[in-house]
Structure formats: structure tokens, C-alpha cells
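Every read-out reported here was derived from the displayed coordinates using simple, explicitly stated rules and does not represent laboratory data. This structure is a prediction, so every number in the text was calculated from the model and none was measured. Here the Cβ is made from the backbone with ideal geometry for all residues, glycine too, and neighbour counts use every protein chain on show.
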Amino acid sequence: MLKLELLAPEKLRIIFDAEDMTRLDITYSALDYKNKKTRKIFWEAIEIAKKEIGFDPVGSKLLIEAFPEKGGGLSLY
């Protein structure tokens with residue numbers, strides 16, 4: 001299940017567990033921001049963060065970093 005952590009007003013961590021990755025049919029090694037599917041997943045996760053914890057990056061430049069998690073998950077910062 002997608003986990004959200006607001007680390008600072010301008011910094012968010014989104015954690016996808018292995019089930020999320022399977023459901024979304026994506027792997028860490030297949031992430032590519034030029035890919036439409038990857039961009040859709042990122043923006044849907046940010047929209048969930050906006051609704052659930054109030055993180056709103058509108059009007060800001062975003063730097064998205066992805067890191068693999070143990071057990072097949074993924075963290076986005």
C-alpha cells in the first residue's frame with residue numbers, strides 16, 4: 001500500500017511496496033521520466049499526496065529522485 005511521508009513542507013517521500021509495483025506493472029529499473037506510464041504513476045502519487053496530506057507542488061519546480069527499497073519496493077523523493 002502506498003505510504004506518504006511529509007518530510008518538510010516542500011519535501012515528500014512516497015513509498016511503493018512490492019504489491020504496488022506489481023499492481024502498477026513497473027519496476028525500478030524500468031523507470032524513465034520520458035515514458036508516459038512513468039509520468040502518469042508519478043503524477044497520480046503526487047495527486048494522492050495532495051488529497052491526503054496537503055502536499056501541493058503547483059507553481060514549483062520538482063526534482064524527483066527514485067530509490068529502490070528492500071523487498072522490491074520503491075521510494076520517490
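A compact table of results
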| read-out | value |
| --- | --- |
| Residue selected from segment 1-21 under the condition over 13 Å from residue 76 (Cα atoms) and free of Cβ contacts under 8 Å to residues at least 24 places away in the same chain, by the criterion surrounded by the most Cβ atoms within 10 Å (Cβ to Cβ) | 19 |
| Qualifying position, being in a helix (DSSP H, G or I) and either on the phi > 0 side of the Ramachandran plot or touching a helix residue (DSSP H, G or I) at 6+ places or on another chain (Cβ under 8 Å) (or both), among 26, 48, 41 | 41 |
| Search result, residues across segment 34-49 that are surrounded by 14 or more Cβ atoms within 10 Å (Cβ to Cβ) and either out of contact with any strand residue (DSSP E or B) (no Cβ under 6 Å at 6 or more places or on another chain) or among the acidic types (Asp, Glu) (or both) | 38, 41, 42, 46, 48 |
| Scan of segment 52-70 for residues that are surrounded by 10 or more Cβ atoms within 10 Å (Cβ to Cβ), charged (D, E, K, R) and closer than 20 Å to residue 1 by Cβ, ordered by number | 52, 69 |
